[in-house]
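Contents: one structure, followed by commentary.
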Amino acid sequence: LATGQGEGAVSWLNYAFRIMYLPIGLLGVSIATAALPGISRCAAREDRPAMRAAVARSLRLIFVLNLPAMAGLLVLARPIVRLIFEHGRFDPSDTDATALALRFYAPGLLGYAAVKIAAPSFYALKESRTPVLAGVATVAVNVVLNLALVSAMGFGGLALGTGIAALFNAGTLLWVLRRRLGGLEGRRLASTGIRVIAATLVMAAAAWGAEQGLRAALPGDGSGLQAARLAAAILIALVALAGAARLLRIEEFDEALGLVGR
């Protein structure tokens with residue numbers, strides 16, 4: 001499908017998804033790696049309440065880190081792509097196209113990260129069939145979405161279809177897991193999610209304002225200058241996020257940063 005969208009489409013999608021690997025690996029896999037031994041021990045003891053609490057806690061940590069990461073990719077997609085890839089034959093039009101693909105991929109980040117918790121939880125419960133069936137259904141949804149969206153949105157529709165399919169996969173697994181465990185502390189999860197969304201909006205506004213202001217104050221195309229502007233914008237965004245998290249009393253924020261740091 002991508003090869004039918006003209007020269008460069010395959011590369012734009014590949015470059016964009018390569019950037020997605022950083023938050024998936026750093027913020028999704030790290031939390032799953034720390035959480036899964038405890039989840040597995042609870043499953044081995046057949047202690048469903050303890051397993052439910054461990055899975056719910058891990059999901060809250062996923063939200064706390066990956067919602068801001070998703071917003072960061074949406075707001076700073078172009079300067080990130082430009083700094084990393086815009087050299088040689090990779091020109092500004094390639095930057096714009098890759099940044100567009102990255103923005104469409106970004107919503108799927110939550111799905112990819114949540115699956116890192118949900119799928120192994122089923123393996124711990126010795127229910128390997130459920131993730132496989134969910135995966136098959138996700139492939140079918142992805143194909144349908146790609147066929148529908150590519151005609152309306154071009155290569156960007158392929159990225160968006162992939163992102164939506166990732167959310168579908170996570171949603172399906174979590175819905176079944178909730179039934180298996182008798183809930184996932186939905187009220188607390190929703191409360192944390194609402195507060196994280198509010199903090200993320202503050203962070204996104206800070207990132208956008210900082211990037212715009214720094215580009216006006218420090219014009220130039222040099223790689224060093226681009227890196228300095230981007231690093232400063234990210235730092236300002238993180239400070240805003242940390243401040244908002246404190247004000248909103250998001251307890252999981254410090255815990256999540258500690259897990260990633262370790």
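Within segment 114-136, track down each residue that is among the hydroxyl-bearing types (Ser, Thr, Tyr) and touching a residue at least 40 places away in the same chain (Cβ under 8 Å).
Here is the first cut: in segment 114-136, the ones among the hydroxyl-bearing types (Ser, Thr, Tyr) are 121, 123, 128, 130.
Correct list: Ser121, Thr130.
Could you identify the single residue in Arg60, Arg45 that is charged (D, E, K, R), touching a residue at least 12 places away in the same chain (Cβ under 8 Å) and either open to solvent by 40 Å² or more (accessible area, probe 1.4 Å) or under 16 Å from Leu177 (Cβ atoms) (or both)? Quick ask: steps written out before the conclusion?
Numbers: Arg45 fails: touching a residue at least 12 places away in the same chain (Cβ under 8 Å).
Every option except Arg60 fails the conditions.
Assigned to a helix (DSSP H, G or I), surrounded by fewer than 16 Cβ atoms within 10 Å (Cβ to Cβ) and free of Cβ contacts under 8 Å to residues at least 60 places away in the same chain - does that describe any residue in segment 69-92? Walk me through how you get there before you give the answer.
Keep residues of segment 69-92 that are assigned to a helix (DSSP H, G or I), which gives 69-85, 92.
With the extra rule that they be surrounded by fewer than 16 Cβ atoms within 10 Å (Cβ to Cβ), the set shrinks to 92.
From what's left, free of Cβ contacts under 8 Å to residues at least 60 places away in the same chain: 92.
Yes, the conditions are met somewhere in segment 69-92.
Would you mind stating whether Val196 is among the aliphatic types (A, V, I, L, M), surrounded by fewer than 16 Cβ atoms within 10 Å (Cβ to Cβ) and part of a helix (DSSP H, G or I)?
On the way: among the aliphatic types (A, V, I, L, M): yes; surrounded by fewer than 16 Cβ atoms within 10 Å (Cβ to Cβ): no; part of a helix (DSSP H, G or I): yes.
Answer is no for this residue.
So which of Ser40, Ser30, Ser11 ends up being polar (S, T, N, Q) and closer than 18 Å to Gly183 by Cα?
Values: Ser30 fails: closer than 18 Å to Gly183 by Cα; Ser11 fails: closer than 18 Å to Gly183 by Cα.
Residue meeting the stated conditions: Ser40.
Could you identify the single residue in Leu241, Leu235, Leu230, Leu214 that is outside any loop (DSSP other than H, G, I, E, B), in contact with a Lys or Arg (Cβ under 7 Å, 6 or more places away or on another chain) and on the phi < 0 side of the Ramachandran plot?
Values: Leu241 fails: in contact with a Lys or Arg (Cβ under 7 Å, 6 or more places away or on another chain); Leu235 fails: in contact with a Lys or Arg (Cβ under 7 Å, 6 or more places away or on another chain); Leu230 fails: in contact with a Lys or Arg (Cβ under 7 Å, 6 or more places away or on another chain).
Checking each option against the conditions leaves just Leu214.
In segment 116-154, what count of residues is obtained for those that are within 22 Å of the chain's Cα centre (by Cα) and among the aromatic types (Phe, Trp, Tyr)?
Qualifying residue count, segment 116-154: 1.
How about segment 108-156: which of its residues are open to solvent by less than 40 Å² (accessible area, probe 1.4 Å) and not in a helix (DSSP H, G or I)?
Matches in segment 108-156: Leu125, Gly154.
Name the pairs whose Cβ atoms lie under 7 Å apart, with the first residue in segment 187-214 and more than 29 Å from Arg82 (Cα to Cα), the second open to solvent by less than 50 Å² (accessible area, probe 1.4 Å) and outside any helix (DSSP H, G or I), and 6 or more positions between them or separate chains?
Note: pairs meeting the criteria are Thr192/Ile250; Arg195/Ile250.
If only one of Ala159, Ala170, Ala166 is without any contact (Cβ under 8 Å) to a residue 60 or more places away in the chain and assigned to a helix (DSSP H, G or I), which one is it? Don't jump to the end; show me each part of the working.
Values: Ala159 fails: without any contact (Cβ under 8 Å) to a residue 60 or more places away in the chain; Ala170 fails: without any contact (Cβ under 8 Å) to a residue 60 or more places away in the chain.
Going through Ala159, Ala170, Ala166 in turn, the sole match is Ala166.
The values are calculated or read from the model by the stated rules, or taken from the named source; none is laboratory data. Note that the structure is a prediction, hence the values are computed from the model and not measured. Every residue, glycine as well, gets a Cβ built from its backbone with ideal geometry; the counts of neighbours run over all protein chains shown. Accessible surface is based on the protein model in full, side chains and every heavy atom, while ligands, DNA and RNA are left aside. Shrake-Rupley method; radii C 1.70, N 1.55, O 1.52, S 1.80 Å.
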